[in-house]
Structure formats: structure tokens, C-alpha cells
Amino acid sequence: MHKLIFFLKSIICEALVIFLLILTFNNYLGNDKETINADGIGYYEYLPSTIVYHDINRKAKPVKTNPEFYNRIINTKVYIDYKEYKLNKYPCGAAVLISPFFIYKYISFARVDNDVDAYSEPFQPTVFYAAIFYLFLGLFFFKKLLQLYDVNLLNIFFLQLLIALATSVTNYVYNEAAFSHVYSLFAVSGFLFFSKSYFSTKNINKFIWACVFLALIALIRNINIIIVFFIPFLAGSVANLKEGFLSLFKQPIKLGIAILCMVAIVSIQCIFWYLETGEFIVYSYKDEGFNFLSPAFTDILFSYKKGLFVYTPIVFISLFGLVRLGYNRQYYLLITWLAGFLFINYILSSWWCWYYGGSYGLRAYIEFYPVFFLLFGLFINHLNLWVKIPVVLISLLTIPVNIIQTYQYKEYILNWSEMNKKGYWEVFLKQDDRYKGYLWKRNYDINKYYVAEKEVMVEKIVIPENTETSIMQINSNTVNQFNKVSLIQVKFENSFNDEIDGKLVLSVSDSTNNTYSYYGKPPLIYFAEEGFNKYQTGVYNFEVPLNANPNQVVKLGVYSNRKDSLTHLKVTFFSLK
């Protein structure tokens, strides 16, 4: 009983953080039914391919002569052409960690249904549970690391809470749990803890465990092995760093065991590559690589597109730990931490797509959060009460900002890859439905279209409160070559008050049976070209399907929850050249 109580006390911080995180999901963000998506499919795909579909051995299969197999591979959209084979370009480490959860679900599912679809709804929560579990372990190892630096338990809980709820970890546990980042966070936390433990004790068993976690880091996301550049910081001094390395050679057998452990773990990826291509070493990203001569060094930190400090401001606050190190004249720790940070920033910002595609925030830094929050721990642990209170309060404010922006990302309020300063502040902390898709408005090159003869203009439309008002009705036979029309452009002038919830409704329907071939009702704010609360000309292009039916009716209407008006409204029909 005493052992159980001791165990529960030892994990109470992590358990409470996970409880609060799940509470946030259940009561605000909602329970996302799809956790295996986008790049996450690539990390996860090793499991279905190996266990369910048995098509991982592609070097032995005539891919194109087996349509069912070939179609499954193509439909995942994560395979690249490598010589005559199809190769999963993503590393297998996340799948290895998820595998116990997957196998349990597969065995349970196969008992009642032999036709298992590994991407079906029952398998989606499995990845979520795996992500939660490894986040728990990551927070546990992070706590153990902070305890080596004598950070008190209350500060540790505060920092764990910030990692889970004030950073993009929230999204990558919840919305995109199959991505590799949370699993990498776990592996990096373990590596940092055992590395620091080794330099503190010179116990080579700790070094063996550090090697195991380093190999896991490489297996999950290869580039993350750059975490080794924080080893000088973990050593604490030049003398301790030197002594730590020399101590390894005093026990060559255990050093050999550590190396063998690393080789064994990394070889898992080599085996998968061999099964897929017949080669043990493969560069799976083909034409994607690093631009070391032109890193996006400042963009990756400060850009509104994806900048780390913009979307995860708590990480910027953690940098004040450097000031503390300087104030305490701990120059070795200051220099080695800063050197490690600058190096990983250089490497990550040199990737050809420095913003790492469609994602919430700068996801490539998630696995390095432990080194940022370790610095934060050293900073906050020695602050006097009057300085600590405002630091804590400001830090806690970043939690609701992150949670709201996670919601915005999920609901298409934030653009996944094309954010800018104007768009960021226009939707800052906005959660209303009318903002969903606002920043996703497509811009058309009108020069690629012919202008049809028909242009309709209305000088002024008064919109009553809470009433849908008809603006116009146009028969297709009055529009030149209506069957070729693919774009209907609507322009009007308005102040675009962002407190007014209005929609413009455009429909194309069959005049004989009233069947719709197109129906769209974008919020009025979608038309704004120069932001909100400013009188201007707004424009929106409705991409309608080509329709050969001559008996079509185009209807235009408008609705607002408050009294409003539109002036100089013009409707133009375009056909593609």
C-alpha cells in the first residue's frame, strides 16, 4: 500500500496536467474523431501496412500488376517513387511507439470483424490515447530532469502545465496526434534526463539509457538528433564534460552495449527500408533538403506566417532565463545553451520549407520544448515573490491564447500555411462561425476569364434586421453563354462592421423543379478587401459548376442580424478562357 501511495504521489503532477488537458478537449475543443491525417498518415502507415494489409514487403510485390494493392498505396498519398518501388518517405519511430496501442485495438477489432480498416473510426482514438500516454511520460521525464536542477515541485507543475496547454503540444495531442512531435518530445525528455543524470553521477547505466533515447529520437524524426548539441549545457562545466567522456572508456563493455542498443533501434528503420526497396540506407525525402546558405533565421522565430514566438509566446518568455544565467555569472551555461539554441535554429530554418507546411505554429520546435522550459525553470525557481507573480500571471495568459488559436486552427479560422500580419490581427481570438474560412478566401486571376455580356447593378439595398432580403433574380437565358460560366463575381460597398453577422446568399437552381446546382452563403466579412470597420469596395468570387441546362435561375439575397445596407452592388458573370 505504501508503495502504491508513493507511486501515485510521484506521478500526481503529470496526472493532473493530463486531466486538465482532457478537460479542455471535452469542454471546449471537442472530441476530434479524426486524429490520423495529413503527414500523420505517413508516420502511422507502417502499422496498417505491416500488420493489417501485409504489403510492407513491396520489393517482392508486383505493385502495378496488383490493382487493389496499388490503389491502397496510392490513396494514402504518403508514398514516393523510389526506383521501381513505392517508399513511405516518413520515418517509422512514431509507429513503433504507437504499436502496442494499435495491436491491442487490432486484436480486439479482428475478433468481431475480419475485414479491418486501419483508418476507420475505431482506430482514430487509439492514436489519441498513444499521444496522451507519451505526453504523460514526456512530462514525467521532464520533471525528473528539473529535479536534478533542484527546481521545486510547484514550479515543475507550473512548467508542465505550460508545455501541455500554452504550446502547440495541445494541437498535436488532440487534432493531429499521429504526427511525430509528441513522441519526439517524450524521447527528447528522456534523453535529456538520462544525459544529465550521467554527467551528475558518471553512472554508465544512465549513459546506456541516454543512448537508447537518442536512438529513439533518430528513429522518430531523424533530424532531431541535433539535440546532442545541448550536451555541453547538460554537463554543467568544461571539466565535467571532459570527465564524462573520458569515463565512458573506463568501461568498454558497457560502452559497447550502449552502441549496440543504438544500432539495434536505428536498424528498425533500415529493415523497413529494405523491405520497401531492397536497400538498407535510403534518403526518403528525395528532392527536399536544406538550404544552408539561406536560412530563414528570423522568419522561423518572428514571422506571422508561422513564427515560433508569435504562435507560442511562452517560449519567448522562457528566454529570460538567459538573463538570469548572466546575472548569476553562470557564463558557461549561458553560452552553451545559447549556442545549442542558435545551432538548432540554424538547422531548422534551413529546411527548404522553413514553415513546415500546413500546421499550427512552428511544429518543428515541439520536441525541443524541454530545453526551453528547463531554461524557464532555472529562471523562475530563484525569483522573489514580487517578480514571480507577474511572470506567472503573464505566462498563464498564454494558455487561453493558445487554446483559442488551437480551436481557430481546427475550425479553419487560422490559415494553415498562408498567415500574415494583417490576417493574424483581423481574426485574433475570434471564434464566431462567420470567421471560419475567412482567411482561406481564394484569389482569382480574372485575366484568365472572359467577361460575359451580362452585368447587373443595384445602387442600394437596405437590409432589415433578422430578415433575408431578395436582391435579384436572373434567368440564365439572359446571360450570354451561361453554360460556360464558371465564376460569378459580386462586388458592393459596405463598412464591413465585424460585429454584424450578415451573409450574402447566391444560388443557381433549375427553374422547373427548383433543384440547386449551387448554393453558397458566405458571411459579408468575406467580401472585405481592406480589413473590417472601414468603408470600402468588397468582392467575392463564387466558383459555380458548369451547367448545360438552359432553364437555370440565379438568385441573390442577403441576411443580417442588424440593420445594414449595401451600395453599388454589381454582379458579373465570367467564363474561363
*Would you mind checking which residues have amide H under 5 Å from residue 494's amide H? H placed 1.01 Å from N; only 5 or more apart, or other chain.*
536, 538
_Checking the table 460/570; 448/503; 33/421 against a 20 Å threshold on Cα-Cα, which pairs fail?_
448/503; 33/421
*asked:* For region 469-514, compute the orientation-averaged projected area of the C-alpha convex hull (one quarter of its surface), in nm².
replied: 4.8 nm²
_From the C-alpha coordinates alone, can you work out the Kirkwood hydrodynamic radius of region 182-246, in Å?_
11.7 Å
*Using a 1.4 Å probe, how large is the accessible area of residue 270, given in Å² and rounded to the nearest 10?*
30 Å²
*Would you kindly state how much longer the chain becomes between residue 10 and residue 152 on full extension, computed as 0.36 nm times their sequence separation minus their alpha carbon distance, in nm to one decimal?*
49.8 nm
_Exposure rank, largest accessible area first [324, 442, 58, 221; 1.4 Å]_ = 442, 324, 221, 58
_HN-Hα J in Hz across region 303-313 - Karplus 6.51, -1.76, 1.60, θ = phi - 60°, x for Gly and Pro_ = 5, 5, 5, 7, x, 3, 6, 6, 8, 9, x
*For the residue pair residue 257 and residue 483, what label-to-label distance in nm results when each label sits 7 Å from Cα along the Cα-to-beta-carbon direction?*
8.1 nm
_I'd like the accessible area for residue 242: 1.4 Å probe, protein heavy atoms, all chains in place, Å² to the nearest 10._
140 Å²
*Solvent-accessible area per residue for region 332-403 at a 1.4 Å probe radius, Å²?*
34 Å²
*With every protein chain left in place, what is the accessible area of residue 299 in Å² (1.4 Å probe, nearest 10)?*
70 Å²
*Report Rg (one decimal) and Dmax (nearest whole number) for region 232-348, counting Cα atoms only, units Å.*
20.1, 56
_Probe 1.4 Å, accessible area per residue of region 512-577, Å²_ = 49 Å²
*Residue by residue through region 228-234, which ³J(HN,Hα) values in whole Hz follow from phi under the Karplus form 6.51 cos²θ - 1.76 cosθ + 1.60 (θ = phi - 60°), with glycine and proline marked x?*
4, 6, 9, 4, x, 5, 5
*Taking H placed 1.01 Å from N in the peptide plane, check which residues at least 5 places from residue 463 or on another chain put their amide H under 5 Å from its amide H.*
564, 565, 566
_Note, ³J(HN,Hα) from phi for region 487-494, Karplus 6.51, -1.76, 1.60, rounded to Hz, x at Gly and Pro_ = 9, 10, 9, 10, 10, 6, 10, 6
*Heavy atoms only, probe 1.4 Å: what % of the accessible area of the chain goes to carbon and sulfur, would you let me know?*
60 percent
_Ordering 577, 305, 484 by accessible area with a probe of 1.4 Å, largest first, what comes out?_
577, 484, 305
*Show that you can apply the helix-only estimate: for the chain, add -39,500 (n - 2.57) for every DSSP H stretch of four or more residues, divide by all residues, and state [θ] at 222 nm to the nearest 500.*
-14500 deg cm²/dmol
*Could you please put 457, 262, 419 in sequence from largest to smallest accessible area, using a 1.4 Å probe?*
457, 262, 419
*Can you give me the Cα centroid spacing of region 478-509 and region 346-372 in angstrom?*
40 Å
_What percent of all Cα-Cα pairs in region 90-142 falls into each 5 Å bin, going from 0 up to the bin containing the maximum distance?_
4, 18, 25, 24, 15, 8, 4, 2, 0
*For the cross-link pairs 77/196; 430/555; 143/242, which exceed 29 Å when the distance is taken from alpha carbon to alpha carbon?*
77/196; 430/555
*Roughly how compact is the chain, stated as its Cα Rg over 2.2 N^0.38 Å to two decimals?*
1.14
_For a quick check: with amide H placed at 1.01 Å from N, whose amide H comes under 5 Å from residue 552's, ignoring anything fewer than 5 positions away on the same chain?_
476, 477, 511
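The values are calculated or read from the model by the stated rules, or taken from the named source; none is laboratory data. Only a predicted model underlies this, so the values are computations on that prediction, with no experimental measurement involved. Cβ sites come from the backbone with ideal geometry, for glycine too, and all protein chains shown count toward neighbours. Side chains are part of the model used for accessible areas, which takes the heavy atoms of the whole protein and leaves out ligands, DNA and RNA. Shrake-Rupley method; radii C 1.70, N 1.55, O 1.52, S 1.80 Å.
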